1. Can you put A:203, B:70 in order of Cβ neighbours within 10 angstrom, beginning with the fewest?
2. Along the stretch A:67-81, what does the Karplus equation 6.51 cos²θ - 1.76 cosθ + 1.60 (θ = phi - 60°) give for ³J(HN,Hα), rounded to whole Hz, x for Gly and Pro?
3. Cα gyration tensor of the protein assembly as shown, axes a ≥ b ≥ c as square roots of the eigenvalues: rounded (a/c below 1.5), prolate (a/b > b/c) or oblate?
4. Which whole-Hz ³J(HN,Hα) couplings does the stretch B:5-17 yield from phi under the Karplus relation 6.51 cos²θ - 1.76 cosθ + 1.60, θ = phi - 60°, glycine and proline marked x?
5. Looking only at the stretch B:5-23, which residues have a backbone nitrogen under 12 Å from a spot 7 Å from the Cα of residue B:53 in the C-beta direction?
6. Below 8 Å, C-alpha to C-alpha, sequence gap of six or more: please give me the relative contact order for the stretch B:3-115 in percent.
7. Using only alpha carbon pairs under 8 Å that are at least six residues apart, calculate the relative contact order of the stretch B:135-257 and give it in whole percent.
8. Is any residue of the stretch B:212-251 close enough, with backbone N under 19 Å, to a label point placed 7 angstrom from the Cα of residue B:135 along the Cα-Cβ axis, and if so, which?
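Just so it is clear, none of the values below were taken in a lab; they were calculated from the coordinates. If you're wondering where the values come from, they're calculated on a predicted model, not measured in any experiment. Neighbour counts are summed over all protein chains in view; Cβ atoms, including those assigned to glycine, are modelled from backbone coordinates with ideal geometry.
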Amino acid sequence: MSITLDPKVPEGPLADKWQHFIANEKLVNPANKRKFKIIVVGSGLAGASASATLGELGYEVELFTFHDSPRRAHSIAAQGGINAAKNYQGDGDSIHRLFYDTVKGGDFRSREANVHRLAEVSVDIIDQMVAQGVPFAREYGGLLDNRSFGGAQVSRTFYARGQTGQQLLLGAYQQLSRQIGLGNVKLWNRMEMVDVVNIDGRCAGIVCRDLMTGEFSSHSAHAVVLATGGYGNVFFLSTNAMSCNVTGAWRAHRRGAAFANPCFTQIHPTCIPQADEFQSKLTLMSESLRNDGRIWVPTSADETRPAAQIPEDERDYYLERIYPSFGNLAPRDVSSRAAKRMVDAGQGVGPLKNGVYLDFSDAIGRLGEDTIRERYGNLFDMYERITGENPYEVPMRIYPASHYTMGGLWVDYELMTTVPGLYAAGEANFSDHGANRLGASALMQGLSDGYFVLPYTISQYLSDWLNKPIPDATHEEFAKVEAEARDRFKQYMAVGGTRSPDYFHRELGKIIWDYCGMDRNATGLEKALSEIPALHEEFKKDLKVTGSDTSINQTLEKAGRVDDFFELGMLMCHDALNREESCGGHFRSEHQTEEGEALRNDDDFAYVSAWEWSGDMAAPIEHKEQLEYEVVKFQTRSYK
Amino acid sequence: MTTLTNLTLKIWRQDGPDGQGRFETHQIPEISDEASLLEMLDILNERLIDEDKEAIVFDHDCREGICGTCSLMIDGRAHGPQRGTATCQVHMRVFESGDEIVLEPWRANAFPVIKDLMVDRSPFDRIMEAGGYITAPTGGAPDANLIPIPKPVADAAMDAAACIGCGACVAACPNGAASLFTSAKIAHLNLLPQGQAERYKRTSAMVDKMDEYFGSCTNHGECEAACPKEISIDNIAVMNADYLKSKFKNRKALSRR
């Protein structure tokens, strides 16, 4: 399948493009919708909202999730909030401003038309979620409350305590449950998608492995939507849930879907620092804490006193010092690198000197402990449970960790990948965040894709297939792909080596974190490109999976996911090596200003890199989508 | 950071839903008190794989206490000794050197064991499908600020909505009742103005579905004590009151025919 990148951006001025698309798109009439079957993989915000809405419209929807229930997807862990250009605070917000902040926050590496559409539908999302009963925070008068987030100078973030992702996901899950109850959506739980099947140049369905029985099965459809999330777990230690993985997106990539900007990964500045060697994952502390917390380190690397005893003039509130206009609310990439510099300079705090302070004593003094408890109570409790320290009394310790991936499957304006009939939504696609995502924008994008974009754009493709036969799951191509998948899992069982999948995942994660993490350079990346294949070879020869492949086997599940992380890790490093500039979450130490800020190169790199699978992970093929800016002017991102 | 030594784990192993279960004993010579209980299980599993044995199956995912996937009876208590804390947030510092720790799957008829410590909680999804929603198809929603909701009402709805659907309430209940789970969703939606149109239909549909799978509530209150989100049993009172009213409401509707 040869790859052509046609972004299919509609005609007209930027602000009119989406309305222009809606006015001119091809529709499927209500009676005909039931003739189309759509498979959705993943039940997070994007997958649940897409399934529910497509089911409501009358399509025959089948939803696949590897969780026991759709309500478990990792969208549920998002804490801080969701952005929308409602301007309820009357502080100068507008669709244009949200659009502009998002493009600027993404360091001018996102597609203008997609981002503008995102800002437009953001207002509908809030209306929709409130109608569904999401208990957003409110003022005493009963109207909705907002808070501010990094990278913005307005308060446009809606929130439900520190559990906004949970409440939004449960809202989408409730709407999905209604459709399942009505019989419009069929739910397949504990089913993992392990491959995509293409027939005659279009996506014809998927192959799944039943996690309970180990059986493989084929499922055909008119269209397939991958809402399979991001790949942040490639670092092993991340804030992602334990089962988050790249397999859905990666298997699609191997079958012809281009993978865009894999090196754009987000390192979140406020996570609880690693406490030990055996730690399994890191925990995020919401960015919203930076509204009231002040970040600092001791000025001296030899400091040993407890935080409270360090006098003001021996503290460095470095974000407030370096970025006075945004202060503690500087964007994530900027804040993360600043923290790394402080820790690298020896000014880190905590027993391992691997964190910086996030201090609430000023805010508690100003607002009282009750107000702080009201705003962040559950986060403070969580912090105390994990660290054993009470953050009302001593400052929190935080450090950056892998959190979100801006890169993902390349999609056009209609969210279709380079494989006709195969769509990607939510974090699984690359579409809206450029090289860095702003806080409270992931929930917005997941719901935008699922509720308000896909249900419109998918009919554009489906209408051409009305009353035309499509191959069903008995087609020989399904049998072939199913056999390949079966062999792959048999092989994991058969290696009979000495190391567990977790061992390889941890080792791979170390390589990626050291050479393709917060700070990258050509020497390191080349080193990674030679170390990863060596480790992958060892994986193939020395993997050990115990247990059986005919009942639930979490070790075997993990083996398949780690295998795909190897190939993805290679592509990340290729992409990072190729992109000879610093932008957003991608920081190449060869390309920085004298003050150590990211130095972008708009003349040579204002493009999306979309990689084609060549069959050899050492030699991916790069395609480029040049980014054309109609409205936004390139400028150096400054938060000073 | 201190190190705990000489822990004994008694862990439930069961090959499948129909298998005969048994306790297996494992020694943990030492573990940091910074480790979580599940990280200790990770380490034990690595050791089992190393010894060519099958790893212990247990449900877990976010490890932040929010997804509701994890589930363990720890020393006979759902989610263990710490109040308001899910299994994945239990850290070894709550135990002492030399302790014996007993780990079992959720105990409830409605949640059959799948394997080892993993159970099937899908009846919760069936209750949600029966009515745990507000009918609001995508598109056409009015402006979000059109209906002001008093802050205490929004807060009370949020308190109920915080349920993570883990099933600890059922596991802790001597009757295997799901009243806390069901009532938390009913209270969340029935308290809000948006939820009024379907209030009684929702309540009766969800309660009837619940009764197909689960035991009856006899006000033991164990559910509230075990709930990792400290959901109040007041919600059960809301549910029961609305369920009773739903019967009258339906009669009224019938009499109009």
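1. B:70, A:203
2. Running phi through 6.51 cos²θ - 1.76 cosθ + 1.60 with θ = phi - 60° gives 6, 6, 9, x, 6, 8, 3, 6, 3, 4, 8, 4, 9, x, x Hz.
3. Working: a/c = 1.12, a/b = 1.05, b/c = 1.07.
Taking the square roots of the gyration eigenvalues as a ≥ b ≥ c, the protein assembly as shown is rounded.
4. 10, 6, 8, 10, 9, 10, 10, 6, 10, 8, 5, x, x
5. Taking a point 7 Å out along Cα→Cβ of residue B:53, the residues of the stretch B:5-23 whose backbone N falls under 12 Å are B:9-13, B:23.
6. 34 percent
7. 31 percent
8. Backbone N within reach: B:246-247, B:249-251.
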